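*Asks:* Provided herewith is a single structure, encoded as structure tokens, for subsequent inquiry.
Values quoted throughout were computed directly from the atomic coordinates according to the rules given, and no laboratory measurement underlies them. None of these values were measured; they are calculated from a predicted model. Neighbour counts run over all protein chains shown; Cβ positions are idealised from the backbone, glycine included.
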Amino acid sequence: MVVAHSGSWSGYLTYIERNLSKDHTIILLQNIETSKSSFSLSIVRKILNNEKIISTNFKKFTYTSADLEFSGVYSSEKFPIKITITKENNTLFAQGEGQGKFATESFENNLFTFDQAGLRLTFNPEKSEMFFEQGKNKITFKKE
């Protein structure tokens, strides 16, 4: 049985979790809240349960313009807007319908991020797909 409580106040995040059956307690305190703020609760749970932690550290990678063949419009029945992907020189840009265009940071394995919005885009060119991750949203888009 697990009992937990979270809280926040302008600039602060807190979380306490007590697993009564395992006699584990997790207390997380954070004294800054930004768009990049998040608790690593799942990692803490894995440490307490001696589970393997998969690294989320990705190596930055500079693609050549020829490598960036992901341009196009992507859509999904599970998401209300289409996302247009374009390239300028060695930079990939994304733009949701009715939103501003933004540059992404590039990493190995066709991963592109936009940290200000907590956004990750991973491309699978063989399947003409883009995997979209933002918060709890994890959606596969198809290239039109």
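*Asks:* Given 4 °C and 1.567 mPa s, compute D for the chain with the Stokes-Einstein relation, Rh being the Kirkwood radius over Cα pairs; round to the nearest whole µm²/s.
*Replies:* On the way: Rh = 17.7 Å.
Reported coefficient: 73 µm²/s.
*Asks:* Taking Cα pairs under 8 Å and at least six residues apart, what relative contact order does the range 65-143 come out at, in percent?
*Replies:* This gives 22 percent for the range 65-143.
*Asks:* Which residues does the label zone of THR140 cover in the range 69-87, counting backbone N under 14 Å from a point 7 Å along Cα→Cβ?
*Replies:* Taking a point 7 Å out along Cα→Cβ of THR140, the residues of the range 69-87 whose backbone N falls under 14 Å are 75-78.
*Asks:* Output the pairs from LYS59/LYS143; LYS22/LYS138; LYS46/LYS142; LYS60/LYS87; LYS46/LYS78; LYS22/LYS59 with a Cα-Cα distance over 29 Å in this structure; if there are none, say none.
*Replies:* Violating the 29 Å Cα-Cα cut-off are LYS22/LYS138; LYS46/LYS142; LYS46/LYS78; LYS22/LYS59.
*Asks:* Still on this structure: Which residue, chosen from GLN95, VAL73, THR140, occupies the Cα position most advanced towards the positive end of the dipole of the chain, where the dipole is computed from +1 (Lys, Arg) and -1 (Asp, Glu) charges on Cβ about the Cα centre?
*Replies:* Of the candidates, THR140 comes out farthest on the positive side.
*Asks:* Same structure, new question: For the range 65-143, compute Rg over Rh where Rg is the Cα radius of gyration and Rh is the Kirkwood radius from the inverse mean 1/r over Cα pairs. Write out the running numbers ahead of the final one.
*Replies:* Values: Rg = 11.4 Å, Rh = 12.5 Å.
Looking at the range 65-143, the ratio lands at 0.91.
*Asks:* Once phi is turned into θ = phi - 60°, what whole-Hz ³J(HN,Hα) does the Karplus curve with 6.51, -1.76 and 1.60 give for every residue of the range 7-23, x standing for Gly and Pro?
*Replies:* x, 7, 8, 2, x, 10, 10, 9, 7, 9, 9, 10, 9, 5, 6, 10, 6
*Asks:* So what's Rg/Rh here for the range 2-48, counting alpha carbon atoms and using the Kirkwood radius for Rh? Intermediate results must be reported in sequence, preceding the final value.
*Replies:* Values: Rg = 11.5 Å, Rh = 11.4 Å.
Here the Rg-to-Rh quotient is 1.01.
*Asks:* Separate question: Around PHE61, which amide H atoms from residues at least 5 apart in sequence, or from another chain, sit under 5 Å from its own amide H, with H modelled in the peptide plane?
*Replies:* SER106, PHE107, GLU108
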